[in-house]
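Heads up, the thing below is written out as structure tokens.
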Amino acid sequence: MSAPFSIRPATLEDALPIAKAQVAVWRSAYRDILPKALIDRMTVPDREKGWRRILESYETSGRGAVFVAEQEGKVVGFLSCGDQRDDALSDRFSGEISAIYVEASRQGIGTGLMAAGAQALSELGHKTAALWVLSDNAVARAFYESLQGAQVAERLAEDGPENNLSEVAYGWSDLAELARA
């Protein structure tokens, strides 16, 4: 039986734990999907700086939110969301789930984070949202499909000349339904 978890809004003090969780999940989930050099480029100090900027930006603008999931006093997952940044999706999906990372699967943590993100996006005035995921990330894709996400777009994301990565967008046309997940 897994330990209980809680979900709460992130604070600036969560930048380091979020960075640690992101790097840990990145290295585990993508080791068979992404080139090792690309995985090795993600470091905790760099991600901590990035998350501090994101948290400060959302705090200042009021146009986004970050949630953390804690289990036994440790951040084991997080989600960030805000206004849609992708022009190709913005006409149909005004909100965006920009990141979701969970260290332990099949405990309800991801579902809880998605529900919290959907609620926050709804409070920001969004009725719809989408996210991008690597096409080869079968586990994440199955998760989004289990939450009734519909595949709505595909693209080739370029990360340098040697790393053309295929991505798929999943969309939700009713955030109220996702918030009840």
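The values are calculated or read from the model by the stated rules, or taken from the named source; none is laboratory data. As the structure is a prediction and not an experimental result, all values here were calculated from the model. Cβ sites come from the backbone with ideal geometry, for glycine too, and all protein chains shown count toward neighbours. Protein only, heavy atoms only, side chains kept; ligands, DNA and RNA dropped before computing areas. Shrake-Rupley method; radii C 1.70, N 1.55, O 1.52, S 1.80 Å.
If S2 satisfies every condition in (1) in a loop (DSSP other than H, G, I, E, B); (2) among the small types (G, A, S); (3) open to solvent by less than 50 Å² (accessible area, probe 1.4 Å) but one, which is the exception?
(3)
Let me confirm something: among W51, W26, which residue is touching a Lys or Arg at 6+ places or on another chain (Cβ under 9 Å) and aromatic (F, W, Y)?
None of the other options fit; the residue is W26.
Among the residues of the stretch 65-99 satisfying the criterion of being touching a residue at least 40 places away in the same chain (Cβ under 8 Å) and in contact with a Cys (Cβ under 9 Å, 6 or more places away or on another chain), which is surrounded by the most Cβ atoms within 10 Å (Cβ to Cβ)?
Per the stated criteria, the residue is G95.
Picking from E145, E96, E162, which residue would you name as being outside any helix (DSSP H, G or I) and modelled with pLDDT of 95 or more?
Going through E145, E96, E162 in turn, just one is outside any helix (DSSP H, G or I) and modelled with pLDDT of 95 or more: E96.
Considering only the stretch 99-139, state which residues are more than 16 Å from A10 (Cα to Cα), part of a helix (DSSP H, G or I) and either touching a Phe, Trp or Tyr at 6+ places or on another chain (Cβ under 7 Å) or β-branched (V, I, T) (or both).
Passing the criteria: T111, V139.
Please go through the stretch 81-108 and give me each residue that is touching an Asp or Glu at 6+ places or on another chain (Cβ under 9 Å) and not charged (D, E, K, R), ordered by number.
Listed by number, the residues that qualify are C81, G82, Q84, L89, S90, F93, S94, G95.
Go through the stretch 5-19 and give me each residue that's in a strand (DSSP E or B), under 14 Å from W51 (Cβ atoms) and touching a helix residue (DSSP H, G or I) at 6+ places or on another chain (Cβ under 6 Å).
none
Assess whether A142 counts as being farther than 18 Å from T11 by Cα, exposed (fewer than 14 other Cβ atoms within 10 Å of the Cβ) and in contact with a Gly (Cβ under 8 Å, 6 or more places away or on another chain).
No, not satisfied.
Being open to solvent by 50 Å² or more (accessible area, probe 1.4 Å) and in a helix (DSSP H, G or I) is the filter here; which residues of the stretch 30-47 pass it?
Those that are open to solvent by 50 Å² or more (accessible area, probe 1.4 Å) and in a helix (DSSP H, G or I): K36, A37, D40, R41, P45, D46, R47.
On the basis of being closer than 27 Å to I39 by Cβ and either more than 15 Å from the chain's Cα centre (by Cα) or among the charged types (D, E, K, R) (or both), does L89 make the cut?
Taking the combined requirement at face value, the residue satisfies it.
Which of the residues spanning the stretch 48-72 are more than 14 Å from K20 (Cα to Cα) and outside any helix (DSSP H, G or I)?
G62, R63, G64, A65, V66, F67, Q71, E72
Within the stretch 48-64, can you find the residues that are within 20 Å of L121 (Cβ to Cβ) and crowded, with 17+ Cβ neighbours inside 10 Å?
Answer for the stretch 48-64, where residues must be within 20 Å of L121 (Cβ to Cβ) and crowded, with 17+ Cβ neighbours inside 10 Å: W51, I54, L55, Y58, G64.
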